[in-house]
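Only one structure is covered here, and it is reproduced in the block below.
The values are calculated or read from the model by the stated rules, or taken from the named source; none is laboratory data. The shown structure was predicted, so the numbers you read here are calculated from the model rather than taken from an experiment. Backbone-built Cβ (ideal geometry, glycine too); neighbour counts: all protein chains shown. Heavy atoms of the whole protein, side chains included, go into the accessibility calculation; ligands, DNA and RNA do not. Shrake-Rupley method; radii C 1.70, N 1.55, O 1.52, S 1.80 Å.
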Amino acid sequence: MNRVRTAVTAAAIAGSMLVGGVVGAALYSVSALTAAAAAPAAAASPSPTPASSSSGTFVSNETAAHEATESAAREAQENAGQVPTVP
């Protein structure tokens, strides 16, 4: 009787570990999919960029509101096609 009880207990522990692993994997995959779906919305660029600039080149922001707040050094870097490093 002792061996049967040990076998039943081991089977119950193994079964609960298996069920817990499946439930954990299912919950993790749902949270990973939710995070992956939300990541592009959270990583949106605050500055406007043209749709055709997918080559990775810098495109300066030439709106009037932006131009009024930037320094001459930053404007010179933008005009030279460089990514601005000064505020």
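Across the range 1-16, the number of residues qualifying as in a helix (DSSP H, G or I), aliphatic (A, V, I, L, M) and loosely packed, with under 10 Cβ neighbours inside 10 Å comes to 1.
For Pro40, the stated conditions do not hold, so it cannot be described as outside any helix (DSSP H, G or I) and either open to solvent by less than 60 Å² (accessible area, probe 1.4 Å) or at pLDDT below 75 (or both). Per the listing Val83, Val19, Val30, the residue uniquely at pLDDT 85 or above and open to solvent by 60 Å² or more (accessible area, probe 1.4 Å) is Val19.
Cβ-Cβ distances below 7 Å connect the following pairs, each with a first residue in the range 73-87 that is closer than 16 Å to Val59 by Cβ and of a type in the set (D, E, K, R), a second residue that is open to solvent by less than 60 Å² (accessible area, probe 1.4 Å) and not in a helix (DSSP H, G or I), and a separation of six or more residues or different chains: Arg74/Pro84; Arg74/Val86; Glu78/Ser60; Glu78/Pro84.
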